[in-house]
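Undergrad: Here it is, the structure in full.
The values are calculated or read from the model by the stated rules, or taken from the named source; none is laboratory data. Being a predicted model, the structure only gives us computed values, none of them experimental. Every residue, glycine as well, gets a Cβ built from its backbone with ideal geometry; the counts of neighbours run over all protein chains shown. Surface areas here come from the heavy atoms of the whole protein model, side chains and all, with no ligands, DNA or RNA. Shrake-Rupley method; radii C 1.70, N 1.55, O 1.52, S 1.80 Å.
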Amino acid sequence: MARLASRQRQKEVRVMNFCWKKMGFQVIGRIPEPGRLEGGDFIPAGKDLCFIGIGMRSNIDAVKYMLQHDLFGTTRVAVVRDELERSQNRMHLDTVFNIVSHNCVLMLDEIMGDESKTRRVVDEYIRDSHYEPYVKVRSDIEFSKFVADEGFHIITVTGDEQLAYGCNALNMGGDRVIAVNASVARKMARDPVFDGTVEFLDFSGVTAMFGAAHCCTQVLRTPSAGFP
């Protein structure tokens, strides 16, 4: 269970904790003070790797707690640090980055490169086995370089597209994507590397409340459901 940065939203965690238990889900962890963790900063990238952003909303205290209590569920954890910008318009990792297929990602062009004044950097944590603690093996890796080195093709998103929730698409699995920004949807469809399907959906009723498809989605997978 997360711990949201805004005091006004703290009670939401207690409500959701109650709901999960009523639905029969086991709550395996809850972020304590002074940790702050928000869902828009967490992006899974398969069984081996996940990304967690820290900066304006989520913080390193929450990340350390999750590492120490084995709450990520992956062999490697890429901690994406936003230390130079911390903008309300880019408060979560999913506002500047998203994985849209098995080999493609969206990324805000302005944060890319060693010379960018708003660049993000990555610290990588690895554990050798399920019974071993995580160890930091690399630090201060420029974000787009880290992502490219992982074999992902980067589809760039402009600043204007980002402000219109260009990165906040929803990956439905199987390389099927719902995009809320028409310009970014066209970029994906025309990109020679992206071989999935993308559908544009008018989400203006939600974006008016400062959120989009990825923000308002909770994915559940259970063995009995037979989901991919």
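Undergrad: Show the residue pairs that are 6+ apart or on different chains and have beta-carbon atoms under 8 Å apart, the first residue being within the range 55-80 and in a helix (DSSP H, G or I), the second being open to solvent by less than 60 Å² (accessible area, probe 1.4 Å) and of a type in the set (Lys, Arg).
TA: What qualifies is Asp61/Arg36; Ala62/Arg3; Ala62/Arg36.
Undergrad: Another question about this same structure. Any residue in the range 203-212 that is in contact with a helix residue (DSSP H, G or I) (Cβ under 7 Å, 6 or more places away or on another chain), assigned to a loop (DSSP other than H, G, I, E, B), surrounded by 17 or more Cβ atoms within 10 Å (Cβ to Cβ) and in contact (Cβ under 8 Å) with a residue 60 or more places away in the chain?
TA: Looking for residues that are in contact with a helix residue (DSSP H, G or I) (Cβ under 7 Å, 6 or more places away or on another chain), assigned to a loop (DSSP other than H, G, I, E, B), surrounded by 17 or more Cβ atoms within 10 Å (Cβ to Cβ) and in contact (Cβ under 8 Å) with a residue 60 or more places away in the chain, one finds none in the range 203-212, hence no.
Undergrad: Then there is this: Is it the case that some residue within the range 43-51 is more than 13 Å from the chain's Cα centre (by Cα), farther than 27 Å from Val184 by Cα and not in a loop (DSSP other than H, G, I, E, B)?
TA: No.
Undergrad: Inside the range 36-63, can you point out the residues that are open to solvent by 20 Å² or more (accessible area, probe 1.4 Å) and out of contact with any helix residue (DSSP H, G or I) (no Cβ under 8 Å at 6 or more places or on another chain)?
TA: Residues satisfying the conditions are Gly39, Pro44, Ala45, Gly46, Lys47, Asp48, Asn59, Ile60, Asp61.
Undergrad: Let me ask something else. Could you grab me the full set of residues in the range 64-81 that are open to solvent by 10 Å² or more (accessible area, probe 1.4 Å) and not polar (S, T, N, Q)?
TA: Those that are open to solvent by 10 Å² or more (accessible area, probe 1.4 Å) and not polar (S, T, N, Q): Lys64, Tyr65, Met66, Leu67, His69, Asp70, Leu71, Phe72, Gly73, Arg76, Arg81.
Undergrad: Taking the criterion of being open to solvent by less than 40 Å² (accessible area, probe 1.4 Å) and in contact (Cβ under 8 Å) with a residue 40 or more places away in the chain, would at least one residue in the range 6-14 satisfy it?
TA: Scanning the range 6-14 turns up no residue that is open to solvent by less than 40 Å² (accessible area, probe 1.4 Å) and in contact (Cβ under 8 Å) with a residue 40 or more places away in the chain.
Undergrad: Evaluate the following for Phe200: is it over 27 Å from Ser116 (Cα atoms) and either open to solvent by less than 40 Å² (accessible area, probe 1.4 Å) or at pLDDT 95 or above (or both)?
TA: Considered against the rule, which asks whether it is over 27 Å from Ser116 (Cα atoms) and either open to solvent by less than 40 Å² (accessible area, probe 1.4 Å) or at pLDDT 95 or above (or both), Phe200 comes out as yes.
Undergrad: Return the total of residues in the range 144-197 being in a strand (DSSP E or B), open to solvent by 40 Å² or more (accessible area, probe 1.4 Å) and touching a residue at least 60 places away in the same chain (Cβ under 8 Å).
TA: 1
Undergrad: Is the range 127-141 home to any residue that is among the aliphatic types (A, V, I, L, M), surrounded by 15 or more Cβ atoms within 10 Å (Cβ to Cβ) and in contact (Cβ under 8 Å) with a residue 40 or more places away in the chain?
TA: No, the range 127-141 contains no residue that is among the aliphatic types (A, V, I, L, M), surrounded by 15 or more Cβ atoms within 10 Å (Cβ to Cβ) and in contact (Cβ under 8 Å) with a residue 40 or more places away in the chain.
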